[in-house]
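Report on one structure; see the data block that follows.
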Amino acid sequence: ADTACKNRPLDLLFIVDSSRSVRPEEFEKVKLFLSEMIDTLDVGERRTRVAVMNYASTVKVEFPLRTHFDKASLKEAVSRIEPLSAGTMTGLAIQTAMEEVFTEEMGARPATFSIPRVVIVVTDGRPQDQVQGVAASARTAGIEIYAVGVGRADVQSLRMMASEPLDEHVFYVETYDVIEKLTSRFRETFCAVSVCALGSHGCQQLCVSDGASHLCDCYQGYTLNPDKRTCSAVDLCAPGRHECDQICVSNNRSYVCDCYEGYTLNPDKKTCSAMDMCAPGRHDCAQVCLSNDGSYSCDCYEGYTLNPDKKTCSGTGVCAPGTYDWQQICGSGSQTCDCYEGFILNSDDKTCSTNNLISLVTAEESCKCEAIAALQDSVTSYLEALSTK
């Protein structure tokens with residue numbers, strides 16, 4: 001248990017060559033290699049699943065990915081594998097892997113789970129069928145291929161089937177007696193990229209694999225602290241951090257843009273355009289609205305003045321003494337002239353004349369006037385007589 005690799009979950013298939021060139025004792029070495037490899041893996045239904053395929057001129061799926069989820073049962077199943085003897089149909093084996101092993105029905109997890117699909121091919125000979133095109137199709141389908149050659153294995157064929165980079169996916173040993181040495185190589189390969197899957201990496205938010213090591217990172221809106229493990233929230237609305245034209249509003253590790261009063265947000269959700277604040281219904285000016293760069297001010301018609309509330313208007317008093325040239329009556333609101341009773345407005349719309357029709361009086365009023373005139377004449381004559389004495 002102490003040597004177990006807590007690797008990231010894999011769907012792992014071993015394809016082992018059991019053609020006639022592999023002697024029985026050598027095939028037992030291969031099975032020992034498989035058992036030791038299983039010991040290094042973090043095996044489980046939700047962790048690494050293992051399948052084994054045996055091939056020669058025919059192909060046999062010894063057990064699929066869905067069958068064994070513990071090391072003991074896996075190793076027991078490996079111990080029961082028997083060689084097939086004739087032929088080396090490596091291309092057929094890889095084709096069968098695509099069609100029968102890496103399917104959800106046979107235990108492979110859906111592609112949406114992003115579980116790597118890995119093949120380790122162990123062979124000591126030259127393929128008797130075409131492997132280059134089949135292997136290319138497998139790699140295109142997302143299957144990572146490692147090729148292990150033993151003794152007389154054709155190195156060129158190994159390179160044709162393996163994934164890039166080749167120096168990390170092609171292995172060679174001279175005899176089956178030393179194949180177990182590859183166990184530590186594969187353990188390093190699978191464990192080196194799995195540090196972030198262990199849960200003990202110490203990163204507060206994000207763990208990023210970096211070869212055999214790892215780095216910590218933070219979600220958007222956070223920054224890595226000097227301890228290189230923990231994260232602190234950053235102000236995305238700080239100068240230089242956002243693209244808002246006018247106002248930046250922080251919003252759950254992100255931000256949204258807004259505009260000043262009198263402006264509206266453009267479709268790009270970043271820039272702003274001035275609104276027509278003097279459009280009907282947008283202002284509260286009593287008489288005149290003046291647009292002013294996204295805002296507005298109120299004004300009044302001629303003859304009115306703006307009240308202290310800066311919205312309503314009052315007459316300016318143009319009819320006050322000395323402020324007009326009309327003869328009798330000035331109407332402040334309309335700036336028109338009128339006349340007192342008994343007078344009419346002349347054609348210049350400013351001066352007044354006596355209305356003769358209106359000056360006609362009744363007989364009673366006429367008698368009163370004559371009596372007053374006679375009294376005035378009598379008083380005048382009396383005063384003149386006194387002055388001559």
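The values are calculated or read from the model by the stated rules, or taken from the named source; none is laboratory data. The structure presented is a predicted model; accordingly, all values stated were derived computationally and were not measured. Glycine gets a Cβ as well: all are built from the backbone with ideal geometry, and neighbour counts include every protein chain shown. Ligands, DNA and RNA are stripped out before the accessible areas are found, and what is left, the full protein with its side chains, is counted by its heavy atoms. Shrake-Rupley method; radii C 1.70, N 1.55, O 1.52, S 1.80 Å.
List of remarks:
- Taking the C-alpha atoms of the range 114-182, convex hull volume expressed per residue in Å³: 84 Å³
- Once all protein chains are placed together, T223 keeps about 60 Å² accessible to a 1.4 angstrom probe.
- Local electrostatic count, F69, Cβ distance below 11 Å [Lys/Arg +1, Asp/Glu -1]: +3
- Inter-label distance, S184 to A385: 16.5 nm, where each label sits 7 Å from its Cα along the C-beta direction.
- DSSP beta bridges in the range 10-192 [antiparallel fraction, %, rounded to 5]: 15 percent
- Residue-count net charge about T123 - beta-carbon cut-off 10 Å; Lys, Arg +1, Asp, Glu -1: -1
- With R₀ set to 56 Å, the beta-carbon distance separating K311 from T230 gives a calculated FRET efficiency near 0.50.
- Probing with 1.4 Å while keeping every protein chain in the model, the per residue accessible area of the range 222-291 equals 66 Å².
- Computed label-point distance, nm, for sites Q287 and E82 using a 7 Å Cα→Cβ extension: 11.3 nm
- Under-5 Å amide H pairs with G151, H placed in peptide plane, nonlocal only: V173, E174, T175
- What the Cβ-Cβ distance of T271 and R23 gives, at R0 = 51 Å and to the nearest 0.05, is a FRET efficiency of 0.10.
- Legend: distances between Cα atoms for K29/K71; K29/K60; K311/K350; K75/K181; pairs beyond 30 Å are K311/K350.
- Considering only alpha-carbon pairs that sit under 8 angstrom and 6 or more positions apart, the relative contact order computed for the range 10-192 is 24 percent.
- Alpha-carbon Rg/Rh ratio, for the range 70-160, with Rh computed the Kirkwood way: 0.98
- Additional length obtainable on full extension of the chain from K350 to E370, 0.36 nm per residue less Cα span: 3.7 nm
- Residues in the range 10-192 average 44 Å² of solvent-accessible surface per residue, probe 1.4 Å, ligands and nucleic acids excluded.
- By accessible area with a 1.4 Å probe, ligands and nucleic acids excluded, highest first: order of D377, D258: D377, D258
- Each of L265, L166 has its accessible area taken with a 1.4 Å probe; listed largest first, they run L265, L166.
- Of the whole protein surface, R126 contributes about 150 Å² of accessible area at a 1.4 Å probe radius.
- Karplus-based coupling profile of the range 113-124, in residue order and whole Hz: 7, 6, 8, x, 9, 10, 10, 10, 9, 10, 8, 10, with θ = phi - 60° in 6.51 cos²θ - 1.76 cosθ + 1.60 and x standing for Gly or Pro.
- For K270, a cut-off of 18 angstrom between C-alpha atoms picks up these aspartates and glutamates, skipping any fewer than 8 places away in its own chain: D235, E243, D245, D258, E261.
- Where a label projected 7 Å from the Cα of D129 along Cα→Cβ would reach, residues of the range 56-96 with amide N under 15 Å: 56-61, 86-96
- Rounded is the label for the range 10-192. Its Cα gyration tensor axes, ordered a ≥ b ≥ c, give a/c under 1.5.
- Distance between modelled label sites at D177 and L206, nm, 7 Å Cα→Cβ extension: 5.2 nm
- Entry note: the range 16-87 has Rg to Rh equal to 0.99, where both radii use alpha-carbon atoms and Rh is the Kirkwood radius.
- Karplus (6.51, -1.76, 1.60) ³J(HN,Hα), θ = phi - 60°, over the range 95-108, in Hz, Gly and Pro reported as x: 4, 5, 4, 5, 7, 10, 9, 8, 10, 5, 4, 9, x, 6
- Computed lengthening from R241 to E99, 0.36 nm per intervening residue step minus Cα-Cα distance: 46.1 nm
- Neighbourhood net charge (15 Å Cβ-Cβ; Lys/Arg +1, Asp/Glu -1) for S297: -3
- Rounded to the nearest whole Hz, the Karplus-based 3J(HN,Hα) values (6.51 cos²θ - 1.76 cosθ + 1.60, θ = phi - 60°) of the range 128-141 follow the sequence 9, 9, 7, 10, 4, x, 5, 5, 4, 5, 5, 5, 4, 6, with x at glycine and proline.
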